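The values are calculated or read from the model by the stated rules, or taken from the named source; none is laboratory data. Predicted model, so just to flag it, every value in this text is computed and none were measured. All Cβ positions, glycine included, derive from the backbone under ideal geometry; neighbour counts span all protein chains shown.
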């Protein structure tokens with residue numbers, strides 16, 4: 001399966017590169033959606049990394065970077081206790097799910 005049909009690209013190499021570059025955000029969105037779906041289905045970061053051709057650590061770092069940045073930005077903001085407890089409970093459930101697989 002190809003997202004970009006090579007024979008549909010412009011014959012001009014520079015225009016073809018522009019077309020490829022315009023496709024990158026969509027490919028990234030698809031990649032993120034599938035990583036989220038795989039994780040929700042119980043896939044480990046090692047399995048995700050293997051599917052992407054990268055290490056477990058690289059996959060985790062890349063796909064959790066945005067969340068970690070948001071948490072860092074909000075580190076000084078007061079988090080309501082209910083939200084903090086829900087985040088902690090969600091993380092514990094995720095760890096337990098990963099240990100079972």
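Looking only at the range 77-97, decide whether some residue is over 29 Å from residue 4 (Cβ atoms) and at pLDDT 85 or above.
no
Quick one: in the range 1-30, of everything that is part of a loop (DSSP other than H, G, I, E, B) and at pLDDT 90 or above, which residue is nearest to residue 52 (Cα to Cα)?
In this case the residue turns out to be 9.
Which is surrounded by 12 or more Cβ atoms within 10 Å (Cβ to Cβ) and outside the structural domain of residue 93 (by TED's automatic domain parsing), of 52, 27, 14, 71?
27
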